[in-house]
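Here's the structure, in structure tokens; my notes come after.
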């Protein structure tokens, strides 16, 4: 963990990856549930919290799950650019990501993620109406049978976010620290310090 100012950009990048990886392993990590932003059909940014499911630093990929009936599915089909915002208040570290999303439904990537999901997570996809549908009152928690859970796989969607850019911000009384890491099409990257 970086507990003081550090002038090594490589160390900063390694720490960023470690924090992201820990986010999908540790349920109590502040990096477990980032804010994900997309552009809606009217051209406005929209944000929501998603659970970080997997991190692959070698391929610069994150994995999230969603319901294919949700607005974010349509938004990502129309505009695959998304941003992720992670913040750990006690550590005073913010990580912002610019990503390009690919959507996976009813394929081997979706099936593998579904099979690795808990029963409780799968139940979320059994609701009858689409997420965000107006209702008279909050519906009761779903209590589906096994066949309903199996059928709900058709509502399950995997979002793979390929990271194009990482921005790191560390708030410190001795002086804030901000850095950027951006990858080119051939997977090489450049890094620089930024004015906080």
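Read the figures in this text as sums done on the coordinates, not as results from a lab. Only a predicted model underlies this, so the values are computations on that prediction, with no experimental measurement involved. In this analysis, Cβ positions are derived from the backbone assuming ideal geometry, glycine residues included, and neighbour counts consider all displayed protein chains.
Rg of the Cα atoms in the stretch 14-89, relative to 2.2 N^0.38 Å, amounts to 1.14. Note: relative contact order over the stretch 9-194, using C-alpha pairs below 8 Å and six or more positions apart, is 22 percent.
Helical runs (DSSP H, four residues minimum) scored at -39500 (n - 2.57) apiece and divided by the length of the chain put the mean residue ellipticity at 222 nm at -6500 deg cm²/dmol. Is the shape of the stretch 78-124 best called rounded, prolate or oblate, per the rule: a/c under 1.5 gives rounded, else a/b larger than b/c gives prolate, else oblate, with a ≥ b ≥ c the square roots of the Cα gyration tensor eigenvalues? Here the stretch 78-124 falls in the oblate category. The stretch 19-66 and the stretch 149-196 have their alpha-carbon centroids 10 Å apart.
Sorted fewest first by neighbouring Cβ atoms within 10 angstrom, 146, 75 come out as 146, 75. Computed from the C-alpha gyration tensor, the three semi-axes of the ellipsoid equivalent to the stretch 32-185 are 31, 17, 16 Å, from longest to shortest. When the chain is treated as a Gaussian network with alpha carbon springs shorter than 10 Å, the biggest mean-square fluctuation among 67, 42, 56 belongs to 42. What does a probe at residue 91 reach in the stretch 128-168, counting residues whose amide N is under 20 Å from the point 7 Å along Cα→Cβ? What the label zone holds, given the 20 Å backbone N cut-off, is 163-168.
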